[in-house]
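Shown next, in structure tokens, is the structure this report addresses.
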């Protein structure tokens, strides 16, 4: 098997790419592995390198280690052409590493690269929206896609990831307008006005918020929260429940579903802004077709890690 490491120096609080490069070299040498190690040079580098490596070694089994955060992993996920030959792994150095939260207390095992190099493979579900892949979540209805363009929130994230994500949701809940959507979920009509809608494949979004604690990335269903139009007071109450992971429990303002697919369209025909694993995606047509890929992700994990 080929072991390929792509390090994102922009992930996390400081640039530790050179130190990681040397550590990975040392660990692989001890195991008789000749790794290929790349340090990302510009936005989109992870996507381009993953696609290039997948094509170059198309006749071999390869494992691509994404050394970064959720965005690094998402870029690689969308670049893979043949999931039968390619495994992905996540070595967490980013502000959000959402898929690892699905491993509960054993997520700490991912911090040591040797645990993943020596580990096993889990088969995870892959979500798709208009051909774009995701493994953790997708949502729409939030005006600014969680304000990831504001530097002040990134500074706060160094203290605690919740300080990055929570203010974004608060702003969006109050600044965003409710829209009329035509929505079909597993063939049933749920059209109406909603503040926002989120589909969870994994357990976490934004590095700290766990809306549905029992969501799992290998159970073949999305856990869906559809938040109806609400006044400011109700929005505050709903936000508190979201942070507590109780938004789906006994609320007339929220529809909770487990389903395999959703079709959505804005009734005004305007573009639909989606957040896929923390990355913005704009559907110019205002429509989105969300479902599971026929492929499964071979995800390399520590031997003693457990999905919870």
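FYI, it's all coordinate maths here, none of it is from the lab. Just so it is clear, the model here is predicted, and its values are computed rather than measured. Using ideal geometry, Cβ is built from the backbone for each residue, glycine included, and neighbour counts are taken over all protein chains shown.
What the table shows:
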{"item": "Relative contact order, percent, the chain [alpha-carbon distance under 8 Å, six or more residues apart]", "result": "21"}
{"item": "Alpha carbon centroid spacing (whole Å) that separates the stretch 68-143 from the stretch 15-31", "result": "21"}
{"item": "Protection proxy ranking, peptides 283-295, 129-141, average beta carbon neighbours within 10 Å, highest first", "result": "129-141, 283-295"}
{"item": "For 196, 83, order by how many other beta-carbon atoms lie within 10 Å, fewest first", "result": "83, 196"}
{"item": "Listed peptides 188-194, 214-220 by packing density, highest first (mean Cβ within 10 Å)", "result": "214-220, 188-194"}
{"item": "Among 2-10, 258-266, 96-104, the order from most to least packed when residues are scored by Cβ within 10 Å on average", "result": "96-104, 2-10, 258-266"}
{"item": "Whether the stretch 2-95 is rounded, prolate or oblate, judged on the alpha carbon gyration tensor where a/c under 1.5 counts as rounded", "result": "oblate"}
{"item": "Degrees separating the helix 17-30 axis from the principal Cα axis of the chain, which is the longest one", "result": "50"}
{"item": "Label assignment, semi-axes √(5λ) of the Cα gyration tensor in Å derived from the structure, set [x] 34, 20, 18; [y] 47, 33, 19; [z] 27, 23, 21", "result": "[x]"}
{"item": "222 nm mean residue ellipticity, helices alone, for the chain (DSSP H n ≥ 4; -39,500 (n - 2.57); rounded to 500)", "result": "-7000 deg cm²/dmol"}
{"item": "Length released on extending from residue 30 to residue 292, taking residue separation times 0.36 nm less the Cα-Cα span", "result": "90.4 nm"}
